[in-house]
Amino acid sequence: MQLQDKVAIVTGAARGIGEGIARCLADAGARVAIVDLDAEAAQATAKALGRGATGYGADVSQEAAMVDVTQKIAAHYGGLDVLINNAGGGKPGEGFGNPFTRVTAEAWDDQLATNLRTAFTATKAAIPHLQARGSGSIVNIASIAGLRSSGVLGAYGASKAALIRLTEELAWQLGPGVRVNAVAPAVVRTRFSTALYEGREEQVAAAYPLGRLGTPEDVAALVGFLVSDAASWITGETVRVDGGLLATGGLG
């Protein structure tokens, strides 16, 4: 996996899975720009990463903000080759971790804005720069909740299912120059997902054939492969990175 001098934007990368992806890409030689709502955290993560990484504060769900920051990044590095749509999440007890009957309209809209609109705005802003290169790669961070019912992740799962569908559509529309894929993690040990396993990690992990929860590095390694030339004939795919959970027939 060689990404020497490739320019990559990773959204929502101040911490968690995004930070792991940013580190993986930088280790493979990419020049990484971290875009996060928390500007200070983005800059701190970029500084810790080194290797010429930069951090930018922006609300990824806002089109004008993403156009502006993407132009700045492309100007700084001389172009753009990779976009990782990682920004997303949910608020425990609202759209995330709540049965559908308890999800408010506000929480529903928040999930769509957080997990789907962010990918829309970032991708729209990135496309001209990726196409100017004559090639490029986009990876959307989805979820196995977008592939199968969970009982408590209805709004979150619906937004991730839409992201998976968008991945296929973009792969068709942007080919052959730009490849678009998605990865669908199960529970990964991050601050965001703590509510799904806190106080019962062994019990949750027991449902996985591989016997443990995921790490940001597990997801990052797959993303790194998908944006590399080793995956040059792969587009429109959603690849599970779930420790075998869906092979058991459930979400645990």
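Read-outs throughout are calculated quantities, based only on the coordinates presented, and are distinct from any laboratory measurement. Note that the coordinates shown come from a computational prediction; the quantities given were computed from them, not determined experimentally. So basically every Cβ, Gly included, is an ideal-geometry build from the backbone, and we count neighbours across all protein chains shown.
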For this session: Go through segment 8-64 and count every residue that is surrounded by 24 or more Cβ atoms within 10 Å (Cβ to Cβ) and of a type in the set (S, T, N, Q).
Result: 1
For this session: Check whether at least one residue in segment 93-105 is part of a helix (DSSP H, G or I), more than 16 Å from the chain's Cα centre (by Cα) and either crowded, with 23+ Cβ neighbours inside 10 Å or of a type in the set (A, V, I, L, M, F, W, C) (or both), and report yes or no.
Result: yes
Problem set entry | Positions within segment 21-48 being in a helix (DSSP H, G or I) and basic (K, R), in sequence order | R23, K47
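Could you grab me the full set of residues in segment 128-150 that are assigned to a helix (DSSP H, G or I) and in contact with a helix residue (DSSP H, G or I) (Cβ under 7 Å, 6 or more places away or on another chain)?
Keep residues of segment 128-150 that are assigned to a helix (DSSP H, G or I), which gives 128-133, 144-146.
If the condition is that a residue be assigned to a helix (DSSP H, G or I) and in contact with a helix residue (DSSP H, G or I) (Cβ under 7 Å, 6 or more places away or on another chain), then H129, I144, A145, G146 are the ones that fit.
Can you say whether A155 is more than 27 Å from E237 (Cβ to Cβ), among the small types (G, A, S) and in contact with a helix residue (DSSP H, G or I) (Cβ under 7 Å, 6 or more places away or on another chain), as far as the supplied structure shows? Full working, then the answer.
Working: more than 27 Å from E237 (Cβ to Cβ): no; among the small types (G, A, S): yes; in contact with a helix residue (DSSP H, G or I) (Cβ under 7 Å, 6 or more places away or on another chain): yes.
No; evaluated as a whole, the condition is false for this residue.
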For this session: Give the residue that is farthest from the chain's Cα centre (by Cα), with candidates limited to residues of segment 132-160 that are closer than 19 Å to A122 by Cβ and among the aliphatic types (A, V, I, L, M).
Result: A132
For this session: Note down all Cβ pairs under 9 Å where the first residue falls in segment 1-24 and is without any contact (Cβ under 8 Å) to a residue 40 or more places away in the chain, the second is basic (K, R) and in a strand (DSSP E or B), and they're at least six residues apart or on different chains.
Result: D5/R31
Problem set entry | Some residue of segment 171-180 being in contact with a strand residue (DSSP E or B) (Cβ under 8 Å, 6 or more places away or on another chain), buried (at least 18 other Cβ atoms within 10 Å of the Cβ) and in contact (Cβ under 8 Å) with a residue 60 or more places away in the chain | yes
